[in-house]
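Student: Before anything else, here's the structure in question.
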Amino acid sequence: MQIGMVTFQTTVDSKSGDLEGVRGMVSALERARSLTPEVVFDINVVLDELISNIIKYGYSDDAAHEICVKLSATDTAVEIGIEDDGKAFDPFASPEPDLSLSLAERPVGGLGLHFVRKLMDDIKYKRENNRNYMFLKKNLTPQAQG
Amino acid sequence: MDIQELETGQVTVLAINGRIDSTNAIDLGNKLRALYAQPGRRLLLDLQEIEYISSAGFRTLLIALRRAADTGGRLALCGLTSKVRELFDMGGFLDNFSIKPTRDEGVNSLA
């Protein structure tokens, strides 16, 4: 059955770093589209990686900033949009981690973005009007929907 | 995240419930650091009931692995769901950790 697109939106306060609103949004989308636990797992990991990255590295001042997070789903894909007013930073321009290195030699910092690249099917970044925009897409296989 | 701690002989089992992410990995890290403050600690983390784990959780597990080595202790994991295992694989960590299918096997491997 075609239900069309379902969209949810919330904001994260960069100071508090509270992700409860984001989790509530993922749960709402899960219910609205009967997403599988596997897809929900991936979305939760990706949102945690990207938002925590912005909070950790995005700001040079001490002020509270708003990070806008949008989540939508069609019959065939889940789309994530994240917008922030932090420093210009394309997280996907960084090199892939070298997994052949031993644990002691390996910097663990790039791991989160490595997960994001692997878990998502399409990733885009743009800088516009002093804001960062990320668009990510996860394709849903027919089994991944209820 | 909810952590249940139980002693089985010489092995301490931590059964973790919920998510391990950027907002709470520090709590798990503090717990593990306190446990490894006792030299020779044998620890099994049961991940069966975790909702998801992000890179912040992996960092905590890697630190625990080093701490175990530094304090003459040991660390094993059990109960990895297929999604959690997938992330261990993506990160290239499957060979770094001692991973057992069940809690019993995990406890036996450390006893």
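Student: Going through A:ALA63, A:ALA77, A:ALA73 one at a time, which residue ends up being more than 10 Å from chain B (Cβ to nearest Cβ), open to solvent by 10 Å² or more (accessible area, probe 1.4 Å) and not β-branched (Val, Ile, Thr)?
Tutor: Answer to the check: A:ALA63.
Student: Can you pull out every residue in segment B:56-79 that is farther than 21 Å from A:ASN53 by Cβ, open to solvent by 50 Å² or more (accessible area, probe 1.4 Å) and either within 14 Å of chain A (Cβ to nearest Cβ) or of a type in the set (A, V, I, L, M, F, W, C) (or both)?
Tutor: B:ARG66, B:ARG67, B:ALA69, B:ASP70
Student: Considering (1) within 14 Å of chain A (Cβ to nearest Cβ); (2) farther than 24 Å from A:GLY112 by Cβ, say which one B:GLN4 fails and leave the rest.
Tutor: Status for B:GLN4: all satisfied but (1).
Student: Next question. State whether the residues of segment A:109-128 include one that is at pLDDT below 95 and surrounded by fewer than 12 Cβ atoms within 10 Å (Cβ to Cβ).
Tutor: Checked against the condition, which is being at pLDDT below 95 and surrounded by fewer than 12 Cβ atoms within 10 Å (Cβ to Cβ), segment A:109-128 yields no hits at all.
Student: For residues that are acidic (Asp, Glu) and more than 11 Å from the chain's Cα centre (by Cα), scanning just segment A:25-48, find the one that is farthest from the other protein chains (Cβ to nearest Cβ).
Tutor: It comes out as A:GLU30.
Student: In segment A:1-44, which residue that is out of contact with any helix residue (DSSP H, G or I) (no Cβ under 7 Å at 6 or more places or on another chain) and open to solvent by less than 30 Å² (accessible area, probe 1.4 Å) is farthest from A:THR74 (Cα to Cα)?
Tutor: Applying the filter and picking the extreme gives A:ARG23.
Student: Could you list, in sequence order, the residues of segment A:49-58 that are within 9 Å of another protein chain (Cβ to nearest Cβ) and free of Cβ contacts under 8 Å to residues at least 40 places away in the same chain?
Tutor: Within segment A:49-58, A:ILE51, A:LYS56 meet the criteria.
Student: If we keep just the residues of segment B:29-55 that are in a helix (DSSP H, G or I) and within 14 Å of chain A (Cβ to nearest Cβ), which is surrounded by the fewest Cβ atoms within 10 Å (Cβ to Cβ)?
Tutor: Within segment B:29-55, the match that is surrounded by the fewest Cβ atoms within 10 Å (Cβ to Cβ) is B:GLY29.
Student: Does B:SER82 count as within 14 Å of chain A (Cβ to nearest Cβ), at pLDDT 95 or above and surrounded by fewer than 18 Cβ atoms within 10 Å (Cβ to Cβ)?
Tutor: Yes; evaluated as a whole, the condition is true for this residue.
Student: Looking at segment A:46-59, is at least one residue open to solvent by 10 Å² or more (accessible area, probe 1.4 Å), farther than 25 Å from A:ALA88 by Cα and touching a strand residue (DSSP E or B) at 6+ places or on another chain (Cβ under 8 Å)?
Tutor: Checked segment A:46-59: no residue is open to solvent by 10 Å² or more (accessible area, probe 1.4 Å), farther than 25 Å from A:ALA88 by Cα and touching a strand residue (DSSP E or B) at 6+ places or on another chain (Cβ under 8 Å).
Student: How many residues are of a type outside the set (Gly, Ala, Ser) and either in contact (Cβ under 8 Å) with a residue 60 or more places away in the chain or over 19 Å from B:ARG67 (Cα atoms) (or both) if we restrict to segment B:94-110?
Tutor: Result for segment B:94-110: 9.
The values are calculated or read from the model by the stated rules, or taken from the named source; none is laboratory data. Quick caveat, the model's predicted, so the values are computed rather than measured. Please note: Cβ atoms are built from the backbone with ideal geometry, for glycine as well, and neighbour counts cover all protein chains shown. Side chains are part of the model used for accessible areas, which takes the heavy atoms of the whole protein and leaves out ligands, DNA and RNA. Shrake-Rupley method; radii C 1.70, N 1.55, O 1.52, S 1.80 Å.
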